[in-house]
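What follows is one structure encoded as structure tokens, with my remarks underneath.
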Amino acid sequence: MDIQSVVVPSYQPLPFPAPAWFLQVLLVLGFYLHALPMNVILGGGFIASALLFLGRNDKSSYTYRCGKALATSLPIFISFAITQGIVPLLFLQLLYGPAFYTSSILMGIAWLSIIGFLLFSYYLSYIVIYKYLKKEYSPARASKASLILLVMACGFALIGFLFSNNMTLMLSPAKWLSIYKTSPFGTYLNINEPQLLPRYLHMLVASIAVAGMTLGCFGLYIKKRNLEFAQYMLKMGSKIFLAATVMQLPIGFWFLKSIPIEMTQKFLGKDLICGSVFGASMLLTLVAIIAAAMVVVNASTTSFKTALIANALIILLMIINRHQLRLHYLAPYVKPDLVPVNTQWDLLIVFIVSAVALIAYLIYLSKISIRAYAQNNTQIKSEGAESE
Amino acid sequence: MNYPIWVVPYLGGPWVIGIMAIIHIFISHFAVGGGAFLALAEELAYKRKDDRIYQYLKDHSRFFVLVTTVAGAATGVGIWFTISLVSPDGTGSLIQIFTLAWALEYLFFAAELATAFVYYYTWDRIDKAAHLKIARLYFIFSCFTLVIINGIITFMLTPGKWTQNHNWFDGFFNETYWPSLLIRLSIMFAIAGMYALVTSSRIKDPEFRTYMVRFCAKWLLPVFILGPILSLWYLHEVPQATIDTIFTGIQTSGVGNFSILARAVYLSLVLSGTVILFAFFGPYLNPRGFTFRIAILFMICGLAVTGTTEWMRELLRKPYVIYDYMYSNGIRKAEIDKISQTGFLQQGKWASGLAQGQDNPTARGEIVFKYQCMSCHTEKGYRAMQKMLGERDRDSIQSFLQMLKEHDKDKNPYLGIMPPLAANDDEIKDLAAYLSTLNQKNKVTPAANICLPAL
């Protein structure tokens with residue numbers, strides 16, 4: 001490649017407010033906290049749609065009730081996904097702005113359309129609840145709810161696809177100049193990129209697995225109130241998780257093959273850190289598969305919790321691997337480590353103290369909500385007993 | 001010059017930001033002011049033990065949550081997307097200066113949203129005193145998000161001592177920080193009142209509707225009383241050069257006798273006055289006759305005021321994106337002299353990358369045009385160069401461009417609203433060659449009859 005045709009913007013002539021390694025940690029952790037709710041809504045939309053469709057003829061069926069529970073929870077997860085998205089977006093712009101801004105501009109129209117799709121799908125998630133699920137049940141209404149959820153989920157899947165486009169395009173500075181010379185209007189999509197499709201499918205299928213785990217968590221939550229339904233949720237969630245994770249084996253292999261061979265080798269052991277993280281995630285996948293299979297057989301909560309923790313760790317390790325892939329791709333072009341640092345200690349301390357305070361506050365809010373709903377359920381139960 | 005330029009035909013990039021920003025501001029101001037409204041109205045319901053107000057608030061809070069958590073949050077992300085597409089250097093600078101402030105804002109935003117959901121989902125599930133407390137907490141957290149973002153927005157117009165010492169604190173708590181914070185708060189109360197008028201106008205019981213409509217109208221009072229004083233305070237802190245541009249400005253940058261900025265200021269004042277008079281004679285004095293349709297009309301007026309006021313605020317900052325540091329086209333003030341000597345197409349990664357191997361003068365001129373003019377102008381649409389250049393030929397365009405290069409205000413009257421042209425003499429010739437092709441009449445003359453190569 002002619003080095004003259006690789007055009008990478010410079011950083012601003014200003015210092016970073018904290019050491020680059022610290023900002024990298026915040027980027028990875030921030031993305032992790034975004035990826036969890038994001039996976040729930042992406043996979044949860046498809047799963048809720050399928051469950052509502054399968055259980056559309058009987059509102060008392062567990063299938064219908066599972067679908068309804070999942071669908072009703074989606075707006076809060078969407079809100080969390082957006083809020084948590086701020087952190088990785090902020091640190092991505094700071095650390096990799098030269099690559100990220102450029103790729104965003106090259107696909108500007110599609111990139112901006114994400115906001116439209118987000119508004120569309122987010123409002124659909126509420127429409128399903130208020131116009132269908134909270135209204136009087138009918139099979140036709142359940143079918144319509146399932147259809148709208150499917151449309152909503154497709155909207156989110158499209159957003160994910162556009163993100164995958166940008167996240168891969170930002171890794172290929174060598175392509176940029178010729179793309180821009182073809183069209184300066186931001187009409188490009190990175191569909192010729194070999195890793196795009198397997199990478200996207202890898203994320204999409206992972207979201208189905210996470211949605212399965214979410215369903216299992218609902219089962220844990222209602223276990224004391226309704227054991228039978230809780231066991232159904234645990235089993236159903238674990239089945240979904242297992243099916244998706246088994247599918248990941250060929251997709252993951254395809255993804256690994258789609259990246260340049262020298263990168264593949266790093267993950268297979270040539271680079272100690274990359275290889276260790278990758279190896280650990282594979283081992284944990286095995287643990288999660290075995291534990292989930294046990295839940296399918298005996299609905300054991302211990303096994304489910306094992307699978308859940310293993311899965312949470314797998315996601316974190318995969319995100320670290322994803323970050324390492326970015327580091328390797330961009331190493332010759334974008335070097336955040338070379339940007340001067342002038343640590344804003346005052347703001348950093350305020351930030352850390354506030355972050356701790358936020359966690360404490362969120363715990364306080366959760367307690368209020370849990371108590372409010374527990375009281376309400378007890379009230380409903382006692383009212384029900386009285387009327388009997 | 002550091003990044004590729006995203007070309008938005010006819011509309012121009014800044015309007016993409018503008019449209020997104022106006023919608024977001026109208027919603028986010030509701031998110032903050034509406035928090036105060038919910039807390040105070042719930043306090044009223046609590047003290048009066050009035051179930052009708054509680055019932056109204058339950059309905060209103062659903063509307064509130066649906067508007068602010070969905071459209072407010074999504075358009076907030078939208079602003080980030082648009083500013084990074086249109087002004088990557090400016091966005092990159094702001095993010096680099098205020099990374100941790102933004103990170104802090106995220107914490108408050110997370111607390112605000114979590115509180116909004118707990119508030120909404122615990123109606124009738126927790127006791128009334130506890131619910132009122134949640135409402136108050138929501139308002140406090142939403143105010144904190146304003147406290148932070150206000151520092152960053154005002155920094156762009158008045159970066160204060162930051163330009164000398166690059167200390168975030170000096171940039172953040174700058175000259176316009178406090179007047180802007182108070183103006184925004186009073187506007188937020190007014191916007192909260194307007195949104196609440198929409199939901200109040202749908203109350204069925206006429207007596208209660210009258211009561212609530214009047215209560216909502218009172219929310220426009222702070223901006224009515226404090227608005228003029230705070231605006232004067234704000235303008236007093238704005239750089240003198242900007243104030244001069246308001247009243248003496250470049251008449252040709254608008255049509256008629258006022259500068260475009262003066263017209264934005266007057267339009268904003270007239271519209272604000274109309275809304276306030278409308279509120280006083282409408283819902284306040286005649287709450288019985290207030291209907292849903294009038295409430296919607298009221299909202300449209302409110303959106304128009306928000307739009308023109310934000311437009312005015314953006315114009316105040318011209319020609320900078322960060323005052324006295326970076327021009328709206330992403331070129332830093334400190335770079336201008338060097339660029340004028342060595343040439344623009346040698347500087348900046350993307351500008352030089354695109355110019356590499358390009359010998360056609362018109363094509364080189366087009367690159368200069370994209371980087372130095374397109375952050376405000378389009379070829380044929382908004383602030384169209386085709387219209388502004390009129391029948392000028394290549395030579396007269398060139399002498400005009402030479403004037404734009406001057407740093408002395410007496411020689412270059414456009415200096416207050418346009419960045420000085422940063423180019424060497426050859427590049428000015430190239431730019432003139434390109435601009436002359438925009439005029440159809442010039443296109444057919446042999447001298448300028450050069451086909452535009454695809455960029």
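Taken together, the values in this text are just the output of simple stated rules run on the coordinates, not laboratory data. Just so it is clear, the structure is predicted and the values come from calculations on it, not from any experiment. All Cβ positions, glycine included, derive from the backbone under ideal geometry; neighbour counts span all protein chains shown.
Residues whose amide H comes within less than 5 Å of that of A:VAL341, counting only those at least five positions distant or on another chain, are A:PHE16 (H built at 1.01 Å from N in the peptide plane). Couplings for region B:100-112, taken from phi via the Karplus curve 6.51 cos²θ - 1.76 cosθ + 1.60 with θ = phi - 60°, read 6, 5, 5, 4, 5, 4, 4, 4, 5, 5, 4, 5, 4 Hz in order; Gly and Pro are left as x.
Between the beta carbons of A:LEU147 and B:LYS204, assuming R0 = 35 Å, the FRET efficiency works out to 0.55 to the nearest 0.05. Near B:TYR320, the amide H atoms lying under 5 Å from its own belong to B:SER328; only residues 5 or more places off or on other chains count, and H is placed 1.01 Å from N.
Between A:LYS135 and A:PHE163, the C-beta separation translates, for a Förster distance of 41 Å, into a calculated FRET efficiency of about 0.75. Near the amide H of B:ILE203, within less than 5 Å, lie no amide hydrogens of residues on another chain or at least 5 residues away, with H placed in the peptide plane. Take B:351-357, A:208-214 and order them by the average number of nearby Cβ atoms within 10 Å per residue, most first; the result is A:208-214, B:351-357. For the residues A:ILE352, A:ILE148, A:ILE259, a GNM of chain A with alpha-carbon springs under 10 Å puts the largest fluctuation on A:ILE352. Residues A:HIS328, B:HIS236, ranked from the fewest to the most other C-beta atoms within 10 Å, line up as B:HIS236, A:HIS328. Averaging Cα coordinates gives a centre for region A:95-173 and one for region B:385-411; these two points are 46 Å apart.
Distance between the C-alpha centres of region A:320-335 and region A:8-42: 13 Å, rounded to the whole angstrom. The alpha carbon centroids of region B:76-146 and region B:174-198 are separated by 16 Å.
Taking a sphere under 13 Å around the Cβ of B:TYR121 and counting the other residues whose Cβ falls inside, with K and R at +1 and D and E at -1, yields a net charge of +3. Residue by residue, region A:219-228 carries 3J(HN,Hα) couplings of x, 4, 5, 9, 4, 5, 8, 8, 4, 4 Hz when phi is fed to the Karplus relation 6.51 cos²θ - 1.76 cosθ + 1.60 (θ = phi - 60°); x denotes Gly or Pro. The mean count of C-beta atoms from other chains within 10 Å of the C-beta of residues in A:330-343, rounded to a whole number, is 0. Gain on full extension, evaluated as 0.36 nm per residue between B:ASP410 and B:PHE281 minus their Cα-Cα distance, stands at 41.5 nm. With 0.36 nm allotted per residue and the present C-alpha distance subtracted, the A:ILE363-A:LEU338 stretch has 5.1 nm of extension available. Mind checking which lysines have their C-alpha under 17 Å from B:LYS380, skipping anything on the same chain fewer than 8 residues away? Reachable lysines: B:LYS370, B:LYS441, B:LYS443. Charge dipole of chain B (Cα centre as origin; +1 on each Lys and Arg Cβ, -1 on each Asp and Glu Cβ, all else neutral): 1400 debye, rounded to the nearest 20. Separation of the alpha carbons by more than 32 angstrom is noted, of B:LYS318/B:LYS429; A:LYS367/B:LYS204; A:LYS59/B:LYS133; A:LYS134/B:LYS204, for A:LYS367/B:LYS204; A:LYS59/B:LYS133. With each label modelled as a point 7 angstrom along the Cα→C-beta vector, the A:PHE185-A:ILE309 pair spans 5.5 nm.
Most exposed first by the Cβ proxy, i.e. fewest other Cβ within 10 Å, how do B:TYR284, B:TYR266 rank?
Least to most surrounded, the residues fall as B:TYR266, B:TYR284.
Sequentially through region B:74-89, phi angles give Karplus couplings (6.51, -1.76, 1.60; θ = phi - 60°) of 5, 6, x, 5, x, 5, 4, 4, 5, 5, 6, 6, 8, 9, x, 5 Hz, Gly and Pro residues having no value and appearing as x. Between B:HIS236 and B:GLU43, the modelled labels are 2.9 nm apart [label points 7 Å from Cα along Cα→Cβ].
For the pair A:ILE127 and A:ILE352 in one chain, pulling the backbone fully straight at 0.36 nm per residue adds 77.2 nm over the alpha carbon distance. So, counting K/R as plus one and D/E as minus one, what does the shell of residues with Cβ under 15 Å around B:ASN424 add up to? Charge balance in the 15 Å sphere: -3.
Checking every one of the GluC sites (Glu not before Pro) in region B:382-445 against DSSP loop status and a limit of 10 other Cβ atoms within 10 Å picks out B:GLU391. About the centre of its Cα atoms, the protein assembly as shown shows a dipole size close to 2500 debye [charges on the beta carbon of Lys, Arg (+1) and Asp, Glu (-1) only; nearest 20 debye]. Magnitude of the charge dipole for region A:194-335, about its Cα centre and with charges confined to Cβ atoms of Lys, Arg (+1) and Asp, Glu (-1), is about 220 debye.
By other beta-carbon atoms within 10 Å, ranking A:ARG141, B:ARG202 with the fewest at the front produces B:ARG202, A:ARG141.
Residue by residue along B:109-116, Cβ atoms of other protein chains within 10 Å of the local Cβ number 5 on average.
Enter the mean number of other protein chain beta carbons within 10 Å of the beta carbon of each residue in B:63-69, as an integer.
2
Counting charges near B:LEU271 (Lys, Arg +1; Asp, Glu -1) among other residues having Cβ under 13 Å from its Cβ returns a value of 0. When you count the other C-beta atoms within 10 angstrom of each residue and take the mean per peptide, A:361-373, A:234-246 line up highest first as A:234-246, A:361-373. For region A:259-294, backbone nitrogen atoms closer than 18 Å to the point 7 Å from A:LEU249 Cα along Cα-to-C-beta are found at A:279-294. The Kirkwood hydrodynamic radius of chain A, based on inverse pair distances between different Cα atoms, is 22.8 Å.
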